[in-house]
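The values are calculated or read from the model by the stated rules, or taken from the named source; none is laboratory data. In this text, all values refer to a predicted model and were calculated from it rather than measured experimentally. Please note: Cβ atoms are built from the backbone with ideal geometry, for glycine as well, and neighbour counts cover all protein chains shown.
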Amino acid sequence: MNSGILLKILISNDDGYASRGLHTLANIMASFGDVTVVAPKYHQSAMSMAVSLGMKKLAYKPLPEEAPGDWSYLDATPASCIKFGLEYKYPNRNPDVVVTGINHGSNAGTAANYSATLGAADEGALNGIRSIGVSIQDFSPEADLSGVEKYFPDIFRFLMENWPDDVYGLVYNVNFPKLPADKIKGIRITRQGRGHWEKEYMPWDNETLGNYFVFSGSDFKKTDLHLEEGESAYMMVGTFFDDEAPEEDQADHRNCDDGWITITPNTIDRTNYAEKERLTRLLAQKPII
């Protein structure tokens, strides 16, 4: 990446436009070029690549008081915010890079499958744009972002300067540990870790919900649930179970837990090519039709 070239940078997140992580990311990226932010109006965690279809009105609002760059919110999913940004902020749908985050909460391991921060980055990749998602292992609105501020600029330069031209739908998933900058051990290139959640639903309880989740400063869309006769209210929380072998040291979530910044290359192409070839050989040996 030529340091003299100003990039066109489209930014979004899933914590909402008021999130401190989003503002920190915008400030970091402003040193690389022209920043455009289209973020959700409300918190939109775990929406993956969900889009807000045309069955309802989507509220849009410019935010001229925000800086740096051109800011606005859309009352829609993060992937929808990227779609909107490409449609209305760039005449040729051509930002140089999409960067999403800084997500308050880890998106390492199988959290990546649910993450709307990564879902927004995936939307960029789906449109042929270089895309990076950034997260930190801390749900607190006051998370220490000094590590991201110190190290992400060089990580961004490294990724942009070494981006391959022959990998379809590449998205880099960057996760920072819950540590101040001077305590971070370094950077590791990792693979997505394995794990799952259990005990994911429990009866609705405001106090318990507050103990489980401390979100990142944006207002939540308050929705009163009017229960019909016979209905009861539940909420999704869950306990994470690590499915990695005891000796495994390549998983992103384990490395991040151990104090490392992790960079995990993902793609939006869900094809398992090894399995494709295996089934092709089997079918050739014993045709079904």
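Tally the residues that are in contact with a strand residue (DSSP E or B) (Cβ under 7 Å, 6 or more places away or on another chain) and either of a type in the set (Lys, Arg) or surrounded by 12 or more Cβ atoms within 10 Å (Cβ to Cβ) (or both), restricting the search to segment 195-207.
Matching residues across segment 195-207 total 7.
Considering only residues of segment 239-278 that are part of a helix (DSSP H, G or I) and either of a type in the set (Lys, Arg) or under 21 Å from the mean Cα position of the chain (by Cα) (or both), which is farthest from Ser131 (Cα to Cα)?
So, considering only residues that are part of a helix (DSSP H, G or I) and either of a type in the set (Lys, Arg) or under 21 Å from the mean Cα position of the chain (by Cα) (or both), the one farthest from Ser131 (Cα to Cα) is Arg278.
Any residue at all in segment 199-207 that is assigned by TED's automatic domain parsing to the domain that holds Ala251, assigned to a loop (DSSP other than H, G, I, E, B) and not basic (Lys, Arg)?
Just the residues of segment 199-207 that are assigned by TED's automatic domain parsing to the domain that holds Ala251, to begin with: none.
Within segment 199-207 (the criterion being assigned by TED's automatic domain parsing to the domain that holds Ala251, assigned to a loop (DSSP other than H, G, I, E, B) and not basic (Lys, Arg)), the answer is no, since none of the residues qualifies.
How about segment 90-108: which of its residues are among the polar types (S, T, N, Q), more than 14 Å from Thr262 (Cβ to Cβ) and buried (at least 24 other Cβ atoms within 10 Å of the Cβ)?
The answer is Thr100, and nothing else.
I'm checking my understanding of the structure. Among residues of segment 51-75 that are among the small types (Gly, Ala, Ser) and at pLDDT 95 or above, which one is nearest to Leu10 (Cα to Cα)?
Gly69
Please tell me if Lys222 is at pLDDT 95 or above, more than 18 Å from Asn27 (Cβ to Cβ) and in a loop (DSSP other than H, G, I, E, B).
no
Helices (runs of 4 or more DSSP H) wholly in segment 109-177 with at least 3 residues that are touching a residue at least 24 places away in the same chain (Cβ under 8 Å) and surrounded by fewer than 19 Cβ atoms within 10 Å (Cβ to Cβ) - which ones?
146-161
Among the residues of segment 28-69, write down those that are outside any loop (DSSP other than H, G, I, E, B) and acidic (Asp, Glu).
Scanning segment 28-69 gives a single hit, Asp34.
Taking segment 20-45 as the region of interest, how many residues are within 14 Å of the chain's Cα centre (by Cα) and either hydroxyl-bearing (Ser, Thr, Tyr) or surrounded by fewer than 16 Cβ atoms within 10 Å (Cβ to Cβ) (or both)?
1
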